[in-house]
Amino acid sequence: MKILVPVKRVVDANVKVRVKSDGTGVDLANVKMSINPFDEIAVEEAVRLKEHGVATEVVVVTIGAPASEEALRAALAIGADRGVLLEHAGEIEPLGVAKALKQIAVEEAVGLVILGKQAIDYDCDQTGQMLAGLLGWPQATFASKVVIEGERAVVTREVDAGHQTLSLRLPAIVTADLRLNEPRYASLPNIMKAKKKPIAKRALASLGLDTAPRLEILKMADPPHRKAGAKLASTQDLLKNLKQQGVLA
């Protein structure tokens with residue numbers, strides 16, 4: 001079975017994001033970029049399935065500028081076998097991503113697609129669900145455990161009431177939650193090996209898909225600053241303060 005793992009290059013999770021002064025977007029100048037953390041978890045899970053003899057090959061794919069190759073190399077260093085870079089300048093929305101992934105999944109004849117549940121830049125949490133809808137495949141989101149049993153994937157997922165276990169007929173779509181695994185540290189030898197692994201590059205436009213944006217971002221702004229708190233000496237002072245603010249009658 002071949003596993004496809006889409007990955008995305010995003011602002012590193014440890015970087016404080018800055019909005020441009022004109023409010024047109026996020027300032028990416030001289031900002032550290034990394035593979036999306038949820039996608040890294042998805043890659044780790046796919047590599048573990050391969051190590052357990054369940055999968056024969058792990059293919060990673062990304063959409064973006066040539067610099068997005070960094071995310072593919074990071075995934076290859078974890079243990080993926082090869083990458084696909086769909087070169088595209090500008091923004092692309094989840095529906096456009098899902099359309100492209102559908103075509104790659106069909107071309108590669110994959111048996112399982114594992115995605116991060118969301119990207120930490122826009123937090124859309126849509127691509128996996130849209131891909132499942134376009135392909136007509138069963139899906140399990142927010143997976144915290146994945147077990148392959150013959151022609152089915154048994155997925156434990158986190159829901160509001162606890163845990164839910166689903167049995168999916170393969171091929172299927174799974175989106176990874178934080179508790180699915182802890183990605184391994186990419187050793188220097190594996191990083192060097194990743195530089196030699198193949199990455200196929202092609203223009204997104206060559207797929208002949210309509211990936212034009214449907215949404216327009218009117219403005220971005222920093223969240224309002226929180227006011228400083230105050231220390232009160234007693235419960236009576238707290239109640240008095242709340243009444244003055246109109247919280248209590």
Of everything in the stretch 154-165, what is modelled with pLDDT under 95 and open to solvent by less than 40 Å² (accessible area, probe 1.4 Å)? Give them in sequence order. 157, 162
Complete set of residues in the stretch 85-101 that are of a type in the set (A, V, I, L, M), open to solvent by 20 Å² or more (accessible area, probe 1.4 Å) and either more than 15 Å from residue 135 (Cβ to Cβ) or outside any helix (DSSP H, G or I) (or both): 89, 92
Condition met for residue 133 (exposed (fewer than 15 other Cβ atoms within 10 Å of the Cβ) and either closer than 17 Å to residue 105 by Cα or in contact with a helix residue (DSSP H, G or I) (Cβ under 8 Å, 6 or more places away or on another chain) (or both)): yes
Single match in 175, 211, 235 (criterion: of a type in the set (Ser, Thr, Tyr), in contact with a strand residue (DSSP E or B) (Cβ under 7 Å, 6 or more places away or on another chain) and modelled with pLDDT of 85 or more): 175
I'd like to verify a number: residues in the stretch 55-68 that are open to solvent by less than 50 Å² (accessible area, probe 1.4 Å) and under 13 Å from residue 111 (Cα atoms), how many? 4
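Being in a loop (DSSP other than H, G, I, E, B) and of a type in the set (Gly, Ala, Ser) is the filter; apply it to the stretch 166-212 and report the residue that is surrounded by the most Cβ atoms within 10 Å (Cβ to Cβ).
Applying the filter and picking the extreme gives 186.
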Pairs, first free of Cβ contacts under 8 Å to residues at least 60 places away in the same chain in the stretch 65-94, second open to solvent by less than 50 Å² (accessible area, probe 1.4 Å) and part of a helix (DSSP H, G or I), C-beta under 6 Å, six or more apart: 94/127
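The values are calculated or read from the model by the stated rules, or taken from the named source; none is laboratory data. Since we're looking at a predicted model, the values are computed, not measured. As a convention, Cβ positions derive from the backbone with ideal geometry for all residues, glycine included, and neighbour counts pool all protein chains shown. Quick note on the areas: whole protein, heavy atoms, side chains included, nothing else; ligands and nucleic acids left out. Shrake-Rupley method; radii C 1.70, N 1.55, O 1.52, S 1.80 Å.
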